[in-house]
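S.K.: Dropping a structure here in structure tokens format, bear with me for questions.
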Amino acid sequence: MTSAPATKRLVLGVGAQKAGTSWLHDYLARSPQAAGCLKEYHLFDVLDLDSAADMRATMLAKAERALRRLSGGADAARAPDAPALQRAVFYADPSTYFDYLAGLLAPDGIRATTDLTPAYAGLSAARFASIRAELAGRGIGLHVVFLLRDPVERIWSAERMYHRNHPAEEQVETVEARLLRTYDHPFHEMRTRYQQTLAVLDEVFAPDEVTVELYERLFVPETLARLCGRIGIDPPDADLDHRVNSSPKSAELTPDTAARVARHYADVYDAVAARLGADLVAEAWPHAALALG
């Protein structure tokens with residue numbers, strides 16, 4: 001299978017959650033050769049994954065509120081939520097999503113647009129193949145980006161984000177206590193078993209259609225230049241010291257907790273080491289020694 005010969009591409013981010021996708025979106029948005037404003041469209045996870053039921057309900061509720069504003073309801077004075085309405089249209093007819101992307105990419109000088117939705121890590125090979133085909137039918141290429149973070153650090157960051165967004169729960173349970181309760185929950189399993197997503201991507205895409213990179217080495221000019229070259233845009237200026245949607249770390253995990261989580265995901269460390277190199281993983285991932293030792 002060869003890459004589409006198109007000079008305009010969708011950059012499809014498939015994760016991982018808490019692995020730099022928000023920063024990458026903001027970075028690519030700096031480029032005058034990129035178009036689009038949404039980071040996560042949340043289309044295919046909502047259509048395909050049972051785990052996205054809450055997201056589906058949230059998105060549809062936003063669309064209903066936006067419609068009430070348009071129809072002169074109690075909050076009609078507020079501006080309608082156009083992205084929510086647009087998403088509802090995509091859910092009703094997914095072909096409109098691809099038409100919308102084609103419109104974003106139509107102007108001269110625009111080479112890329114993005115949909116960086118970490119939950120796409122759980123999509124099937126059939127879904128990825130259909131995305132690829134829909135884009136190709138519109139003369140649009142596709143480049144998939146999969147950012148991987150040390151599994152312990154990824155889950156630790158996700159749980160800190162949860163507590164940041166639900167401060168009342170800090171009175172009931174510490175972040176580390178919650179992590180010990182949830183690290184093997186299906187929510188984390190789907191987002192952390194990177195080898196499962198990699199196997200699906202390998203089934204559908206040619207090597208030059210996919211970039212697999214470590215979060216821990218994302219924020220360096222060489223990595224960004226390599227990624228932009230594969231996407232087909234010139235590297236924009238980067239603020240390498242700024243983090244987006246970060247989860248402030250007030251403490252480190254206790255060694256016993258870190259070791260427990262690392263051992264649970266030992267096969268992830270093994271698989272990524274086999275793919276990207278054991279030395280690289282051992283150097284970049286702070287908890288690799290706990291799993292690979």
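S.K.: Residues in region 245-266 that are surrounded by 13 or more Cβ atoms within 10 Å (Cβ to Cβ) and at pLDDT below 95: how many?
M.R.: 4
S.K.: Based on this model, can you work out whether residue 89 counts as within 25 Å of residue 124 (Cβ to Cβ), modelled with pLDDT of 90 or more, open to solvent by less than 50 Å² (accessible area, probe 1.4 Å) and not in a loop (DSSP other than H, G, I, E, B)?
M.R.: No: the conditions fail for residue 89.
S.K.: So, of the residues in region 56-83 that are in contact with a helix residue (DSSP H, G or I) (Cβ under 6 Å, 6 or more places away or on another chain) and modelled with pLDDT of 85 or more, which turns out to be nearest to residue 38 (Cα to Cα)?
M.R.: Among residues in region 56-83 that are in contact with a helix residue (DSSP H, G or I) (Cβ under 6 Å, 6 or more places away or on another chain) and modelled with pLDDT of 85 or more, the one nearest to residue 38 (Cα to Cα) is 59.
S.K.: Here is a further query. Out of the residues in region 166-181 meeting the condition of being part of a helix (DSSP H, G or I) and open to solvent by 90 Å² or more (accessible area, probe 1.4 Å), tell me which one is modelled with the highest pLDDT.
M.R.: 181
S.K.: Within region 27-50, work out how many residues are part of a helix (DSSP H, G or I), closer than 16 Å to residue 120 by Cβ and open to solvent by 10 Å² or more (accessible area, probe 1.4 Å).
M.R.: 3
S.K.: Can you tell me which residue in region 182-234 is surrounded by the most Cβ atoms within 10 Å (Cβ to Cβ), limited to those that are part of a helix (DSSP H, G or I) and touching a His at 6+ places or on another chain (Cβ under 7 Å)?
M.R.: Across region 182-234, the extreme among qualifying residues is 231.
S.K.: Okay, next question. Could you list, in sequence order, the residues of region 134-152 that are crowded, with 21+ Cβ neighbours inside 10 Å and among the acidic types (Asp, Glu)?
M.R.: 150, the sole residue that qualifies.
S.K.: So if I check each of 96, 7, 58, which one is outside any helix (DSSP H, G or I), among the polar types (S, T, N, Q) and open to solvent by 30 Å² or more (accessible area, probe 1.4 Å)?
M.R.: Selected residue: 7, the only one of 96, 7, 58 that is outside any helix (DSSP H, G or I), among the polar types (S, T, N, Q) and open to solvent by 30 Å² or more (accessible area, probe 1.4 Å).
S.K.: In addition: Go through 131, 155 for me and flag whichever is buried (at least 22 other Cβ atoms within 10 Å of the Cβ), over 23 Å from residue 204 (Cα atoms) and either within 19 Å of the chain's Cα centre (by Cα) or free of Cβ contacts under 8 Å to residues at least 24 places away in the same chain (or both).
M.R.: So the residue among 131, 155 that is buried (at least 22 other Cβ atoms within 10 Å of the Cβ), over 23 Å from residue 204 (Cα atoms) and either within 19 Å of the chain's Cα centre (by Cα) or free of Cβ contacts under 8 Å to residues at least 24 places away in the same chain (or both) is 155.
S.K.: Criterion first (more than 27 Å from residue 142 (Cα to Cα), out of contact with any Leu (no Cβ under 7 Å at 6 or more places or on another chain), loosely packed, with under 14 Cβ neighbours inside 10 Å and touching a residue at least 60 places away in the same chain (Cβ under 8 Å)) does residue 242 satisfy it?
M.R.: yes
S.K.: Output the residues belonging to region 10-21 that are open to solvent by less than 20 Å² (accessible area, probe 1.4 Å) and closer than 20 Å to residue 238 by Cβ.
M.R.: The answer is 11, 13, 19, 20, 21.
S.K.: Next up: On the basis of being of a type outside the set (Val, Ile, Thr) and under 23 Å from residue 51 (Cβ atoms), does residue 163 make the cut?
M.R.: Taking the combined requirement at face value, the residue satisfies it.
The values are calculated or read from the model by the stated rules, or taken from the named source; none is laboratory data. Please read these numbers as outputs of a predicted model, since none were measured by experiment. Cβ coordinates were reconstructed from backbone atoms using ideal geometry, including for glycine residues, and neighbour counts include every protein chain displayed. Accessible surface is based on the protein model in full, side chains and every heavy atom, while ligands, DNA and RNA are left aside. Shrake-Rupley method; radii C 1.70, N 1.55, O 1.52, S 1.80 Å.
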